[in-house]
1. What residues have an amide H closer than 5 Å to that of A:Tyr100, excluding those fewer than 5 places away on the same chain, when H is modeled at 1.01 Å from N in the peptide plane?
2. Would you mind ranking A:Phe185, B:Phe164, A:Phe256, A:Phe223 so that the residue whose beta carbon has the fewest other beta carbons within 10 Å leads the list?
3. Find how much the distance from A:Arg67 to A:Asp263 grows on full extension, using 0.36 nm per residue of separation minus their present alpha carbon separation; answer in nm with one decimal.
4. For chain A, modelled as a Gaussian network with Cα springs under 10 Å, which listed residue fluctuates most, A:Asp71, A:Asp224, A:Asp58?
5. Per the helix-only calculation at 222 nm, which mean residue ellipticity applies to chain A, given -39500 (n - 2.57) for every DSSP H run of n ≥ 4 and division by its residues, nearest 500 deg cm²/dmol?
6. Can you list the distances in nanometres, one decimal and ascending, from the B:Arg2 label point to the identical position in each other copy, with the point 7 Å along Cα to Cβ?
7. Express in whole angstrom the spacing between the alpha-carbon centres of region A:236-257 and region B:236-254.
8. Straight-line reach from B:Lys269: which lysines fall under 29 Å, measuring Cα to Cα and dropping same-chain residues less than 8 apart?
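Bear in mind that the values in this text are calculations on the coordinates, not laboratory data. As the structure is a computational prediction, the values presented were derived from the model and not from experiment. With ideal geometry, Cβ positions are generated from the backbone for all residues, glycine too; neighbour counts draw on all protein chains shown.
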Number of protein chains: 2
Amino acid sequence: MRVLLVGAGGVGTAVTRIAARRDFLTHMVVADYDLARAEAAVDALGESGARFSARQVDASDREAVRRLLVDQRCDVLLNATDPRFVMPLFRAALDAGAHYLDMAMSLSAPHPSRPYEECGVKLGDEQFALARRWEQSGRLALVGMGVEPGLSDVFARYAADELFDDIEEIGIRDGANLTVEGYDFAPSFSIWTTIEECLNPPVVYEKGRGWFTTAPFSEPEVFDFPEGIGPVECVNVEHEEVLLIPRWVQARRVTFKYGLGDDFIAKLKTLHELGLDATAKVTVPGDGGPVRVSPRDVVAACLPDPAGLGDRMTGKTCAGTWVKGTRDGAAREVYLYHVVDNEWSMREYGSQAVVWQTAVNPVVALELLATGAWSGAGVLGPEALPPRPFLDLLTDYGSPWGLRDEA
Amino acid sequence: MRVLLVGAGGVGTAVTRIAARRDFLTHMVVADYDLARAEAAVDALGESGARFSARQVDASDREAVRRLLVDQRCDVLLNATDPRFVMPLFRAALDAGAHYLDMAMSLSAPHPSRPYEECGVKLGDEQFALARRWEQSGRLALVGMGVEPGLSDVFARYAADELFDDIEEIGIRDGANLTVEGYDFAPSFSIWTTIEECLNPPVVYEKGRGWFTTAPFSEPEVFDFPEGIGPVECVNVEHEEVLLIPRWVQARRVTFKYGLGDDFIAKLKTLHELGLDATAKVTVPGDGGPVRVSPRDVVAACLPDPAGLGDRMTGKTCAGTWVKGTRDGAAREVYLYHVVDNEWSMREYGSQAVVWQTAVNPVVALELLATGAWSGAGVLGPEALPPRPFLDLLTDYGSPWGLRDEA
């Protein structure tokens, strides 16, 4: 299998380190807007980097990406950029006749008049609008194939297939106890994406009612995370699982809650009140006269690169899927989860926990596609495919998952 | 008197409206980086604008400003820009043989190793370093001649001259009860300057010890402001009065405390934690490739222009000088203050209260220089000149000051 990886940031770099240890890969072209970043990712692989090469590409340039896919004879495009670039990359793969994987879906737009009650454009809507064309092409667009969305969706399908007869609620719950030494504030994941998820109206699914939205940070609850992380306050945020799971898994309610903590929530609210979360450009003085920039890009540029914080980071991150329902007539409640300890991921891969946890899942998925254990055509979420091969292979990657019986 | 006003923002525009009603002015050239802004200020004067003209100038271009002063035969440069432009304008006036007035002084730089204990470069240090050349030129640089610094310094000198035999402490205290309808957060004054004042280490003066710094937001106290504003929590911030007053007025301690309120303090702390208060440029994507911008400029660009908020604003702003000491052997404590009601300043001048209050003081000072009631050479603060003519003329402008006996 020949793969074009677009994006050599934290997640993309971790993808190269994980993939380099697996045999299924014939070649991976690592492409980034910043060639030096792509080269650094390849160089860091040392002798195990023989199957990797670096290229420059602008992820917003659909035609340039298509040409790169064709020239490099790539079977699949793995998108490891931020969600702004989903559509040009998704279209470029379709144009080139390549399969496509991403870890975040096309962006939402709030309802124009009732943003905290009704959905406007939903996450992934733009991608699903092209589902028919993907089906006709015989190629697979496997969307939302990181850890959340991704592994969390696999857990949902696994619960439906093997653990429950009837599901009342599926709630993704994400929490961590990571701290970063020497910084007042240092998010462990892309702040651009975090702002997007957390300040957009959270989406909730209920059977009969369909998808609807609430106010940001709604329905706070304290969730007790496993493996020593402990209780963390979680709130509703917009996330792909809520859009993906109900398409393939029967559940009466689907939610996503993120363990942000009070301090992070307060900072996000302040960014919003000051208008600094905005992506629409503002005019400010530049070196040679006025220039137009996106405030959110400036926020990201002022914070340390999350991928470079692993050495100063301590703690664990947990992604997982809480499921409530019945089995053989009895009430059942489980939490299926995956924990990564930063100390382990730094020692083993030189990647910090959050980006490593995101990156391992698309590599597992690529291997399943390479071996034929997974296959399909069209635009599919991870829950559209059999969960057991995925969970077994993830364990084989040295990163086992867990199941906690809640009741 | 011919005046070059540089800066046609909120304060500069209010200066034109106040000056247009006074006879001392022969001509005022209103110059701004954005010519349209200068023209708008002049046009808004209508028939009373005959003595005003608009010009374009880059305040950072010392030679261009010098030429404009000479070409327009201006006697004095009034600087109504933000403090970044103090030094080029101050030097341009010296080069051109013109007098100079500003409302904020040259910027400070924190002590490299002990920022919250010792001063580094102090506010105004760069200007006072050129004091000898101003003295030799026979021209006056009247620095810090707005409301705070400015009127607050005049109050300090008045207290020393007429109210006290011995002064223990002079504390500038600034507070307001202004609210802006329709905004979560809308500062009533330049956010660039507010960040600069509030996040720099606050400076305190003590006789014997000299100037020293503390941590931001130190020594909180609740000060009860007059005319219905009431109690507001005030904290130490860096301000020019602390640097100016001890040079001309005897006091054992000088402080400046700003009534910011909890919410504003929290927002400023967040901006600092996120690095968004920084002026050093960061690289972000622009329309045609990477551009370099100052995060603080982006914060300012995201907020509404304070000068345009007058119509939505309600309440009063108070600037003043609290003095504690003895008179005829008895303890005495007074608060000398100046309150502007936004409703009044909008109705009378179409300018919101905070910018109007800043703007009226340099116009009064210009009139005192024009009539010869004030004169001097060198770099002087407002407290270097006799206070009574200033306070009387301010009252004559329809904006009286008050004295509250505290004991």
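1. For A:Tyr100, whose amide H was placed from the backbone, the distant partners under 5 Å are A:Leu77, A:Leu140, A:Ala141, A:Leu142.
2. Details: A:Phe185 16, B:Phe164 23, A:Phe256 29, A:Phe223 20.
Exposure proxy ranking, most exposed first: A:Phe185, A:Phe223, B:Phe164, A:Phe256.
3. Working: separation 196, 0.36 × 196 = 70.56 nm, distance 4.52 nm.
Contour length minus the Cα-Cα distance gives 66.0 nm.
4. A:Asp71
5. One gets -9500 deg cm²/dmol as the mean residue ellipticity at 222 nm.
6. Taking the point 7 Å beyond Cα along Cα→Cβ, the inter-copy spacings are 7.5 nm.
7. 61
8. Reachable lysines: A:Lys257, A:Lys267, A:Lys269, A:Lys281, A:Lys316, B:Lys122, B:Lys257, B:Lys281, B:Lys316.
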